[in-house]
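Below is one structure, written out as structure tokens; the observations come after it.
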Amino acid sequence: MSYDKVEVPEDGEKITAVDAENDELDVPENPIIPIIHGDGIGQDVGPAAQKVLQKAAEATGREIHWMRVYAGESAREKYDENLPEETVEAIREHRVAIKGPLTTPVGAGFRSLNVALRKKLDLYANVRPTYHLDGVPSPVKEPEKMDMVNFRENTEDVYAGIEWEEGTDEVEKVREFVEDDMGFDETIHQGAVGIGVKPITEFGTKRLVRKAIDYALENDRDSVTLVHKGNIMKFTEGQFRDWGYEVAEEEYGDEVITEDTLWEEQDGEQPDDAVVVNDRIADNMLQQLLTRTENYDVLAMPNLNGDYLSDAAGAQIGGLGIAPGANFGDGRVLAEPVHGSAPKYAGQDKVNPSAMILSGRLMLEYIGWEDASQLVRDAVEATISSKKVTYDIERQIEGGEKLATSEYADEICKNIEDLA
Ligand code: NAP
């Protein structure tokens, strides 16, 4: 397709899908990759990530042809709208992309652009690996025990955006329907109310849990834990749990075994190649993250649980400056850091770009560039271990050298050269 304000790099080639449903892509050595730098600190971490990822590509004999696309503030300047259709189309067409954070005002104003992008592109699994890099300070004693990958459902739950504002005719209609027609009389307090709906579907749950189990099988992981609040929200979160087990039992044969079967039939002995599927209630899971960290491997969760839990897990391995993520659909990925746009630091060349850089790793892995991805990880680790770090890490360690965002990215690039 031709674009109005997006410049398509001339020498790059498009990544195409061979079998989108099974994530099989045809990736040239000179792919065009769309990038949204993002709002706030996006202007600092976006270019830094671009530089480091390019360096890793070049060090492994390839070249990324970046294609700037716009959302948030940069889009308002260029298009006078928050999320131009051609940004969505460019990512849809090129399949693999990366973005920085986008600001979402609380309460009034527009809906989250991040949520809109994920929905429009049907990027249904938000994947956040949490592993510890040597030298990164952590609030826990043994951060190296954590090596988890969180799969968070991305398109439904209370994030579906079905909600009504207090004081409107609509919210009063919904109240009336719930109380009078559905029999929940006197369940909602009198006076002003805001109401939202929490849809959890079989389709949404099963495709998410499938992605998590597939990942566990492909990456030799031991378990997939379904994290839910089904004891309270029986017909939504409880159903997530039941559908999750259904996928495991009906679609994977001997490759997957449930925790109950493991104890009932195998005395708790896990077969070598099998992935165990178990479930934990979300509040318990949040404490087990701290008390039994090493027992957990791959987690699959509805949207809200996944949001809370992956930030909490991110804190254990060094905080938001480090925590990477990516949104996966069928044959499609949009990498993005867990952190937001931290407006107070915008444009100061100050914050840590590691989260966006490590999100880029997920993108590189997805296109099969494992060597480049490993180089990025090793170079980030080497840089942090040498105590050349940004402010967030420097304030937590003894004898660190505080670098600007751009200097830190340069240091990682040097380490890529040395390690390649
Ligand atoms: P935030 O932007 O993530 O920042 C919260 C704090 O986390 C910062 O003040 C800073 O802590 C630390 N931090 C975040 N990124 C960092 C980095 N790269 N390096 C070092 N420290 C970092 O969260 P927020 O202030 O709640 O959200 C701001 C805006 O971002 C909101 O509009 C929100 O909706 C949006 N948001 C977007 C996304 C996304 O685009 N996917 C995700 C989350 C939030 P210290 O000040 O303590 O150093």
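Remarks
- Across the stretch 121-169, Cα-Cα distances exceeding 12 Å account for 74% of all pairs.
- Cα-based Rg and Dmax for the stretch 250-344, where Dmax is the largest Cα-Cα distance (Å): 16.5, 56
- Principal axis box of the stretch 135-254, alpha-carbon based, largest edge first, Å: 52, 42, 23
- Highest average first, the peptides 264-272, 222-230 ordered by how many other beta carbon atoms sit within 10 Å of their residues are 222-230, 264-272.
- Remark: the stretch 214-301 projects, on average over all directions, an area of 5.8 nm² (convex hull of Cα atoms).
- Distances between placed amide hydrogens fall under 5 Å for ASP279 paired with LEU226, all partners being 5 or more residues away or on another chain.
- Scanning residues 5 or more positions from GLY38 or on other chains, those with amide H under 5 Å from its amide H are ALA71, GLY100, with H placed 1.01 Å from N in the peptide plane.
- Amide hydrogen proximity for VAL256: with H placed 1.01 Å from N in the peptide plane, the residues at 5 or more positions away or on another chain lying under 5 Å are VAL275.
- Label-point separation in nm, GLU13 to TYR308, each point 7 Å along Cα→Cβ: 4.8 nm
- With N counted as the residues of the stretch 1-124, its alpha-carbon radius of gyration over 2.2 N^0.38 Å works out to 1.09.
- Just checking the listed ones, ASP180, ASP349, ASP19: in the Gaussian network model of the chain with Cα springs under 10 Å, the one fluctuating most is ASP180.
- Percent of Cα pairs exceeding the 32 Å cut-off, where the set is the chain: 39 percent
- List TRP164, TRP243, ordered by accessible area with a 1.4 Å probe, largest first: TRP164, TRP243
- Taking each of LYS5/LYS388; LYS5/LYS211; LYS55/LYS211; LYS14/LYS350; LYS141/LYS234 in turn, the alpha-carbon distance tops 32 angstrom for LYS5/LYS388; LYS5/LYS211; LYS14/LYS350; LYS141/LYS234.
- Stokes-Einstein diffusion of the stretch 341-409 at 20 °C, 1.002 mPa s viscosity, Kirkwood radius from Cα pairs, rounded to a whole number: 167 µm²/s.
- The mean sequence distance of close C-alpha pairs (under 8 Å, at least 6 residues apart), as a share of the length of the chain, puts its relative contact order at 23 percent.
- Our compactness index for the stretch 376-420, the C-alpha radius of gyration over the empirical 2.2 N^0.38 Å, is 1.07.
- Straight-line cross-link partners of LYS344 among the lysines, defined as a Cα under 22 Å from its Cα and at least 8 positions apart when in the same chain: LYS99, LYS402.
The values are calculated or read from the model by the stated rules, or taken from the named source; none is laboratory data. Note that the structure is a prediction, hence the values are computed from the model and not measured. When we count neighbours, we look across all protein chains shown, and the Cβ atoms used for this are built from the backbone with ideal geometry, even at glycine. Note: areas computed on protein heavy atoms with side chains; ligands, DNA, RNA excluded. Shrake-Rupley method; radii C 1.70, N 1.55, O 1.52, S 1.80 Å.
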